[in-house]
Amino acid sequence: MTDNKRTLSDVLSRRNLMQTVAGLGAASVAGCSGLTGGDGGDGGGGSVDPVQERVTVEPGNIKEGGTFKTAIGENPDTFDYVESTSASATILHNLLYEGMVTTDAAGKLYPWLAESYEQAAVNDVTASDYTSYMTSAQYAETDDGSVYIDTDAQVIIESPDNPDSPSAGDEAKVLTPEQATQAVEDGTFGMHYTFQLHEGIEFHDGEELTASNVVASYERVQNSGLSGQIYDSLLDIQANGDYTVELYSQLPDAAAIRELGGLPVYPTKMTDLELGQMDPREGNTPLGTGMFELAEFNNEEYILFAKNENYWFDTEMKDWFEGPSEFPNGPAVDEVDVAIIGSDSQRAAALESGEIDMSYGLTASTLTNYQNSEDYRTAPTNGAGYTFLQFPVRQEPWTNAKIRRAANKLIPRQSISENIFQGWEKPAWVPLPPLAARTGSTDYEAMVENLKSYNTYEPEAAAELAEEAAGEADIEFPIEVTLETNSDNDDRVRTVELMAESMSQEIDGTQYFDVSVNTKEFLTFISQLLSQDYWKQGKLAFIGLSGGFNPHGYAKSVHSPQNFAQCCNFQNIDIQELNEAMEQARYGPEVAQDSELRRERYEEVWKMILEQNANSYGTHSTLVGVVNNAVKGFNTYPSTQDIIGYAMYNPADEQITYLDR
């Protein structure tokens, strides 16, 4: 029920997988000082419900009990949230863990484990203001020649004066958590938020939730797989008594509350574990405050969750709840049974046989068949993600943006949308999905109209760009390249094959690209993408991003050097001009308190991204859950990361699913 984690996503095929970009992949809105409660300095998210044809239920008709049966496409990589890069795994996490804030389907923020929160202060500070607090560390070199800062501590901020091209043995100045606390004590921080926790909330093991649990849970992010997404904002977090949490951001940050407020909170038994150990395969049952508890886990086969009979929530605790007094205080079903079923066709077969009640991530033709059936209901929602093709920007000849743009001009997005996805997925004319339009553009439709020409299919323009690049460098045509993707979905594979065929066409007698396709099992592909040497192989990678309501995630995840070898900068992209533009759209007192200025700056970011073309975008996702007629009230969340948890229970939208059989 969180909204700040970007994950690798099989968005095309499962409308499901990719993070490591808290609840919903990439998310954040603008900040305004002095607000409390649902906005808390982050705007409120989108105002338009992305759920298409939302179904509602009358509380009096709800039937309690039963087992809701569904499936995910791959085995969870880990139940340890901060080490996971899989949106499929996050689906499971969101049944167990909760954060201080939550969202509705439109992205509006609400206090959750927190009774309230407020933005207490905004300071005009920059990274340079932390220099006097920094400590020294040395650069070191890996066996493959990569240079890194050699410290076991979490690096929060690097000095702007550190060398641009360091060598092993050079000195670096860095701010670590120890020095960050001193900076806060001296009043050096970007923003300060105060969260007041509800009293009496219990974890699954009976421990009462206190501020110290929140602090320990956040500190567990240090040097984890999620650190790059959190420590681009988080400076320090402190307990102030038993139920008050003080959270500080490094800079004035328009995304701070959404990026940081919803991280999962665990009991002491979990925070005492080493990274990666919060998993039944490591002998530890994961624990949180969530509406379900882990009952059984059979590796690579199924996961069974049982309702938390001591669940803490009560609608009367929340002054933002506007539903009827009869609305339940927790989920209706007793159990959630999640099978591991690798292929979409097998999940569809399981749905038809009654083995499961809901499936998602099905091929377009299958969805259309279900849409026309009286025995099932399709529940589409405008999705929080896109598919993208990432170029090996550090390998010749792909270092030339004109070559990348030439290849981009040969991607037939409209044809992919119409012929492969039968209209379920829409062409990604811009890098920002409509879900985040309100926070990432001043006028989304006008922006699409202005920028669409970068991504239209134009072979003649592609040839012109390629010839211009050849005039600037020694390039021989055709350029031979391998395009890689995951093998376990027909729509994904068909998309990549169509892209390869189109890119390999002859234009006026010249073949500019010779593209072959290589497919791999999903988790194998992901592990290779997240290695630190994929960028050296010169291959094109096609995958999906599952994001959120924050425009920043859609830009940063696939471009920022902070996300290298995490989600989702696999090719070691580092474009200084773009890095600076992204920073200026998110950080600083102006954008933290002026949402209109922030939107204007993001429009410049999208244009710059399309000009650089380090990534080409395929389609914007539509998530579609398909349920049988025994399932009542089911609506699909915009991100696969909460497709089950949201449907089971979310009082912000008066959302609840029950079974009638």
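Residue selection: LEU498 satisfies the criterion of being in contact with a helix residue (DSSP H, G or I) (Cβ under 9 Å, 6 or more places away or on another chain), in a helix (DSSP H, G or I) and over 24 Å from VAL125 (Cα atoms). Looking only at residues in the stretch 337-360 that are in a loop (DSSP other than H, G, I, E, B) and within 20 Å of ASN299 (Cα to Cα), the one that is least open to solvent (accessible area, probe 1.4 Å) is ILE356.
For the stretch 441-464, the count of residues that are under 23 Å from GLY547 (Cβ atoms), part of a loop (DSSP other than H, G, I, E, B) and open to solvent by 10 Å² or more (accessible area, probe 1.4 Å) is at least one. Scan the stretch 643-655 and give yes if some residue there is under 21 Å from ALA437 (Cβ atoms) and buried (at least 24 other Cβ atoms within 10 Å of the Cβ), otherwise no. Yes; the residues of the stretch 643-655 include at least one that is under 21 Å from ALA437 (Cβ atoms) and buried (at least 24 other Cβ atoms within 10 Å of the Cβ). Taking the stretch 520-541 as the range and being assigned to a helix (DSSP H, G or I) and either buried (at least 16 other Cβ atoms within 10 Å of the Cβ) or modelled with pLDDT of 95 or more (or both) as the test, the residues that pass are PHE522, LEU523, PHE525, ILE526, GLN528, LEU529, TYR534, TRP535, LYS536, GLN537.
Evaluating ASP161 against the criteria (1) surrounded by fewer than 18 Cβ atoms within 10 Å (Cβ to Cβ); (2) in a loop (DSSP other than H, G, I, E, B); (3) under 30 Å from the mean Cα position of the chain (by Cα); (4) not polar (S, T, N, Q) leaves one unmet condition, (3).
Applying the criterion of being of a type outside the set (Val, Ile, Thr) and closer than 17 Å to THR381 by Cα to the residues of the stretch 618-631, the residue that is surrounded by the fewest Cβ atoms within 10 Å (Cβ to Cβ) is HIS620.
Within the stretch 368-416, being among the polar types (S, T, N, Q) and part of a helix (DSSP H, G or I) holds for THR368, ASN369, GLN371, ASN408, GLN414, SER415.
The residue pairs whose first member lies in the stretch 312-324 and is closer than 20 Å to GLU208 by Cα and of a type in the set (Ser, Thr, Tyr), whose second member is in a helix (DSSP H, G or I) and at pLDDT 95 or above, and whose beta carbons are closer than 8 Å, counting only pairs six or more residues apart or on different chains, are THR315/PRO651.
Within the stretch 206-243, being in a strand (DSSP E or B) and over 29 Å from ARG598 (Cβ atoms) holds for GLU208, ALA239. Filtering the stretch 488-537 to residues that are of a type in the set (Val, Ile, Thr) and over 30 Å from ILE340 (Cβ atoms) leaves ILE507, THR510, VAL515. Cβ-Cβ contacts under 9 Å between residues 6 or more apart (or on different chains), taken from a first residue in the stretch 504-517 that is open to solvent by 30 Å² or more (accessible area, probe 1.4 Å) to a second residue that is aromatic (Phe, Trp, Tyr), are listed as GLN505/TYR512; GLN505/PHE513; GLU506/TYR512; THR510/PHE477; GLN511/PHE477; ASP514/PHE477. Considering only residues in the stretch 252-269 that are in a loop (DSSP other than H, G, I, E, B) and at pLDDT 95 or above, the one that is farthest from the chain's Cα centre (by Cα) turns out to be PRO267. Could you please find all residues in the stretch 57-86 being within 18 Å of the chain's Cα centre (by Cα) and not in a helix (DSSP H, G or I)? Selection gives ILE72, GLY73, GLU74, PRO76, ASP77, THR78, PHE79, ASP80, SER84, THR85, SER86.
The values are calculated or read from the model by the stated rules, or taken from the named source; none is laboratory data. Just so you know, these numbers come straight off a predicted model, no measurement behind them. Every residue, glycine among them, receives a Cβ derived from its backbone with ideal geometry; neighbour counts consider all protein chains shown. Side chains are part of the model used for accessible areas, which takes the heavy atoms of the whole protein and leaves out ligands, DNA and RNA. Shrake-Rupley method; radii C 1.70, N 1.55, O 1.52, S 1.80 Å.
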